[in-house]
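Student: Before we start, here is the structure in question, set down as structure tokens.
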Amino acid sequence: MKYYKIGHPFNTEAVINNLCLEVQNFEDLFESTHFKGVVNETINLTCPLEKNDVIYGLGEHMHGLNKRGQVYESFCTDDPLHAPDRKSLYGAHNFFIIDSETLPVGIFVDFPSKVTFDMGFEIKDQLHIAIDGKDATIYCFTGLSKQEIVKKFLMSIGQSFMPPKWAFGYQQSRWSYENKEAVKSIADEFDKHDLPLDSIYLDIDYMDNFKNFTIDKAGFSDFKEFVSDMKSRDLRLVPIIDAGCKIESGYEIYEEGVKNGYFCEDKYGKPFIGAVWPGKCHFPDFINPETRAWFGSKYHKLIDLGIEGFWNDMNEPAIFYTEEGIEDAVEYAEGIKGKNLGIYEFFDLKDKFMGLSNREKDYKSFYHKVDGTSYNHYDLHNLYGYNMTRAAGEAFESLEKRILMFSRASYIGMHRYGGIWTGDNHAWWEHLKLNVKMMPSLNMSGFLYSGADIGGFGGHSNSELLVRWSQFAVFTPLFRNHACMGTRVQEPFRFDDESTAQLRNVLKFRYSMVQYIYSEFLKARQNYSLLFRPLSFEYSDTHSRSVEDQLMYGDGLMLLPVIESNVKGRYIYLPEKTLIWTVNAYDDYQYEILEKGHHFVNVDLEQMIIGIKKNKLTLISKPSNRIGHLETDTMFVKGFLEDKAEYTLCYDDGINRNSIVKDFKITMTYKDGVINISCEGDYDCNKLEYDVVTWDNKRHKGAVNV
Ligand code: GLC
């Protein structure tokens, strides 16, 4: 494990526990690998790829678990159309592993601006990394298995953010529930339909004219009382915060920011202006610690009103337009006015207007000030959303209580301060698929608390897509349904009675699984491991390396989501004999042992299937409609037993930052046809009931009596 500094790289603070040895010569970095590097005005790294090499990682990106055959760009981008040819999304996560059959190599390119990863697109057996600059730190992990590489990398970047336990409940969002009545009626509908719910989101319309840290008095009068009314129903409100701050005299954020020089500046030293929701805005210079402390302190305004969670948005940063951009476009349009436009002029005209948002030219026109040195934004672009979330995370450190925080834009390192959601996906089956494939790579980049907009943000969802998506999302830590304005309403009670019933079972199943999910989250965080893993992280057979639509999860589960429409089942591949748990509801399920190999398994829409590995157990409880109401007095053990299985359930108070993680261990043995259970730790074993299947295909049910 080595690292090398090329030139004078900016300290991104992605790596906080450097476990690699610094080398003095660039050539030494790649010793024992096939990488070659060339440094000029830009840095280029290449590496031949073997036929069977699999590339895992790169965090938030299009395409599969295996990243081969495509080009990816690391440049935080606000693009709501995640089409297959999109090279960049909202996050910049430059860590990947080439999993070769002989020598796995892990690479982390710590560089805060654009990096292009050609993973065998131009030349199918060559990887090419182009770094748009000449100052970067490159980390190279070799001599380890891929599991060890991930662990060492995660150790270097530090532990993940820890959300409060209620944030593992179901969360409902829409742009926008425009006033208190709308929010309240959503809560009422959930209760009326007996649907679990822990929080409702406030999108931009809760603000006064889209001004951060303000409340729209007309729609949300007596906000504190409203928050507390919802809290008395055990529901949290989660408001959005945007990066751009409205230019308006008298507005506190604007006044203080300008007075103290907290905003990014243009080349004349004036606060940079770009437009977002409120029209013209200034952008806090989050990379500057003083700005972070100032902006972070503003979250307390809402915390003081009872708020316990936030989502940070538009922090790539998204810029709808700048005055210069409009001038360029208008000038061009005026220049060709009245002319007979040929194909090239016409497309140029169109591009000028279509390309007004998020222009590279605009990103190059403003500056950050760090320790007295000025940096062009373009050169630090990928650190912007990271440091906005860091501003909040640092401000929350003074509180005993954990605050939910997740962001749209991110860079590795931000995972210590918050999670991420995967932005403006669509109500497309392809995006359910993408959600499945992305989870392991997000985990590899440190982001454990993550999830997609269930049902899809853009476009119109139907009940089948929502059911199938929710079934997969049962396992994603962030379990939130969110949709764009103008789209079909997609709360779980919006369709027909049958769909509501199906979704009720799915949501309740999540609540009954939450002890296990939370426990596995705690373990992944503590052990620097992955919650979601490709099959090849647990099985070494060749076929496991090419499975793209099944994932290993936590301790002993295999997720087998249905991700196609109008199907009544799916193909699955089992590298070993596995128990298939077909769940209609937490208390209505079947078991079937399937042998190693390929199978087609029937899965009706109201069903989900989960694999349980040999000698593995999972624990569920009765569901509830709020995380805080879960009863864990009786817990139910499910499992597949050959001879001996152990499961350790980790838990904490779910509320406080310094809560101590406790655990208890269940051991179950099977010998001569007899099941034996013992427990260690702080839980009365006699409160357990079990329903497990043994290797000889016998089902054993009962209450523990020790
Ligand atoms: C962005 C966000 C989306 C939000 C919308 C309005 O598009 O990604 O989640 O609803 O802005 O705030």
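The values are calculated or read from the model by the stated rules, or taken from the named source; none is laboratory data. Since this is a predicted model, take the numbers as computed values, not measurements. A quick note on method: Cβ atoms are made from the backbone with ideal geometry, for glycine too, and the neighbour counts reach across all protein chains shown.
Student: If I filter the range 449-475 down to residues being polar (S, T, N, Q) and within 16 Å of the ligand (Cβ to nearest atom), which single residue comes out as surrounded by the fewest Cβ atoms within 10 Å (Cβ to Cβ)? Show your work before the answer.
Tutor: Taking the range 449-475 and keeping what is polar (S, T, N, Q), we get 450, 461-463, 470-471.
Narrowing further to those that are within 16 Å of the ligand (Cβ to nearest atom): 450, 461.
On the way: 450: 28, 461: 25.
For the range 449-475, the residue satisfying everything is 461.
Student: Next question. Among the strands (runs of 3 or more DSSP E) lying completely within the range 291-392, list those that include at least 2 residues that are surrounded by fewer than 23 Cβ atoms within 10 Å (Cβ to Cβ). Walk me through it before giving the result.
Tutor: On the way: elements: 309-313, 367-370, 373-376.
The strands (runs of 3 or more DSSP E) meeting that bar are 367-370, 373-376.
Student: Another question, then. Looking only at the range 393-437, how many residues end up being assigned to a helix (DSSP H, G or I) and within 16 Å of the ligand (Cβ to nearest atom)?
Tutor: Looking only at the range 393-437, we keep the residues that are assigned to a helix (DSSP H, G or I), and these are 393-396, 414-416, 429-437.
Those left that are additionally within 16 Å of the ligand (Cβ to nearest atom): 431, 434-435.
Of the residues in the range 393-437, 3 are assigned to a helix (DSSP H, G or I) and within 16 Å of the ligand (Cβ to nearest atom).
Student: Hydrophobic (A, V, I, L, M, F, W, C), more than 30 Å from residue 54 (Cβ to Cβ) and outside any loop (DSSP other than H, G, I, E, B) - does that describe any residue in the range 460-473?
Tutor: Going through the range 460-473, the residues hydrophobic (A, V, I, L, M, F, W, C) turn out to be 465-467, 469, 472-473.
So of that shortlist, the ones also more than 30 Å from residue 54 (Cβ to Cβ) come out as 466-467.
Restricting the remaining residues to those that are outside any loop (DSSP other than H, G, I, E, B) gives 466-467.
Among the residues of the range 460-473, at least one is hydrophobic (A, V, I, L, M, F, W, C), more than 30 Å from residue 54 (Cβ to Cβ) and outside any loop (DSSP other than H, G, I, E, B), which makes the answer yes.
Student: Here is a follow-up. Has the range 441-452 got at least one residue that is under 10 Å from the mean Cα position of the chain (by Cα), in a loop (DSSP other than H, G, I, E, B) and without any contact (Cβ under 8 Å) to a residue 40 or more places away in the chain?
Tutor: Yes, because at least one residue in the range 441-452 is under 10 Å from the mean Cα position of the chain (by Cα), in a loop (DSSP other than H, G, I, E, B) and without any contact (Cβ under 8 Å) to a residue 40 or more places away in the chain.
Student: Another question, if that's okay. Just to verify a result, which residue in the range 1-32, among those that are touching a Leu at 6+ places or on another chain (Cβ under 7 Å) and in a loop (DSSP other than H, G, I, E, B), is surrounded by the fewest Cβ atoms within 10 Å (Cβ to Cβ)?
Tutor: Checked the range 1-32; the qualifying residue surrounded by the fewest Cβ atoms within 10 Å (Cβ to Cβ) is 23.
Student: Hey, among the residues in the range 193-209 that are more than 25 Å from the chain's Cα centre (by Cα) and either within 13 Å of the ligand (Cβ to nearest atom) or in contact (Cβ under 8 Å) with a residue 60 or more places away in the chain (or both), which one's farthest from residue 470 (Cα to Cα)?
Tutor: Start the filter on the range 193-209 by keeping residues that are more than 25 Å from the chain's Cα centre (by Cα), which leaves 193-194, 207-209.
Applying the additional criterion that residues be either within 13 Å of the ligand (Cβ to nearest atom) or in contact (Cβ under 8 Å) with a residue 60 or more places away in the chain (or both) yields 193-194, 207, 209.
Values: 193: 17, 194: 17, 207: 30, 209: 33 Å.
Per the criteria, the residue is 209.
Student: Which ones in the range 156-175 are in a loop (DSSP other than H, G, I, E, B), surrounded by 24 or more Cβ atoms within 10 Å (Cβ to Cβ) and among the polar types (S, T, N, Q)?
Tutor: 160, 173
Student: Of everything in the range 623-682, what is farther than 15 Å from residue 519 by Cα, outside any strand (DSSP E or B) and among the small types (Gly, Ala, Ser)? Give them in sequence order.
Tutor: Scanning the range 623-682 gives 624, 628, 673.
Student: Still on this structure, please answer the following. Residue under question is residue 35, and the condition is that it be aromatic (Phe, Trp, Tyr), crowded, with 18+ Cβ neighbours inside 10 Å, modelled with pLDDT of 95 or more and closer than 24 Å to residue 159 by Cα; does it hold? Step through it out loud before you land on a result.
Tutor: Working: aromatic (Phe, Trp, Tyr): yes; crowded, with 18+ Cβ neighbours inside 10 Å: yes; modelled with pLDDT of 95 or more: yes; closer than 24 Å to residue 159 by Cα: no.
No: the conditions fail for residue 35.
Student: Could I ask something else about it? If you go through the range 258-281 one residue at a time, do you hit one that is closer than 30 Å to residue 222 by Cβ and more than 16 Å from the ligand (Cβ to nearest atom)?
Tutor: Here is the first cut: in the range 258-281, the ones closer than 30 Å to residue 222 by Cβ are 276-279, 281.
Add one more test, that the residue is more than 16 Å from the ligand (Cβ to nearest atom), and what stays is none.
No, the range 258-281 contains no residue that is closer than 30 Å to residue 222 by Cβ and more than 16 Å from the ligand (Cβ to nearest atom).
Student: Taking the conditions exactly as written (at pLDDT below 95, more than 22 Å from residue 411 (Cα to Cα) and surrounded by 14 or more Cβ atoms within 10 Å (Cβ to Cβ)), does residue 100 satisfy them or not?
Tutor: Yes; evaluated as a whole, the condition is true for this residue.
Student: Still on this structure, please answer the following. Which one is nearest to the chain's Cα centre (by Cα) among residues in the range 502-531 that are among the aromatic types (Phe, Trp, Tyr) and within 21 Å of residue 57 (Cα to Cα)?
Tutor: Kept after step one, since they are among the aromatic types (Phe, Trp, Tyr), are these residues of the range 502-531: 509, 511, 516, 518, 521, 528.
Restricting the remaining residues to those that are within 21 Å of residue 57 (Cα to Cα) gives 521, 528.
Values: 521: 13, 528: 16 Å.
Step by step, filter the range 502-531, then rank; the result is 521.
Student: Please specify each residue of the range 670-690 satisfying the condition of being exposed (fewer than 15 other Cβ atoms within 10 Å of the Cβ) and in contact with a strand residue (DSSP E or B) (Cβ under 7 Å, 6 or more places away or on another chain).
Tutor: The answer is 676, 678, 680, 681, 682, 687, 689.
Student: Consider residue 183 against the criteria (1) more than 24 Å from the chain's Cα centre (by Cα); (2) under 30 Å from residue 117 (Cα atoms); (3) crowded, with 22+ Cβ neighbours inside 10 Å: it satisfies all of them except one. Which criterion is unmet?
Tutor: Condition not satisfied by residue 183: (2).
Student: Within the bounds of the range 493-515, is there any residue that is within 16 Å of the ligand (Cβ to nearest atom), in contact with a Ser or Thr (Cβ under 8 Å, 6 or more places away or on another chain) and either part of a helix (DSSP H, G or I) or of a type outside the set (Asp, Glu) (or both)?
Tutor: No - not one qualifying residue is present in the range 493-515.
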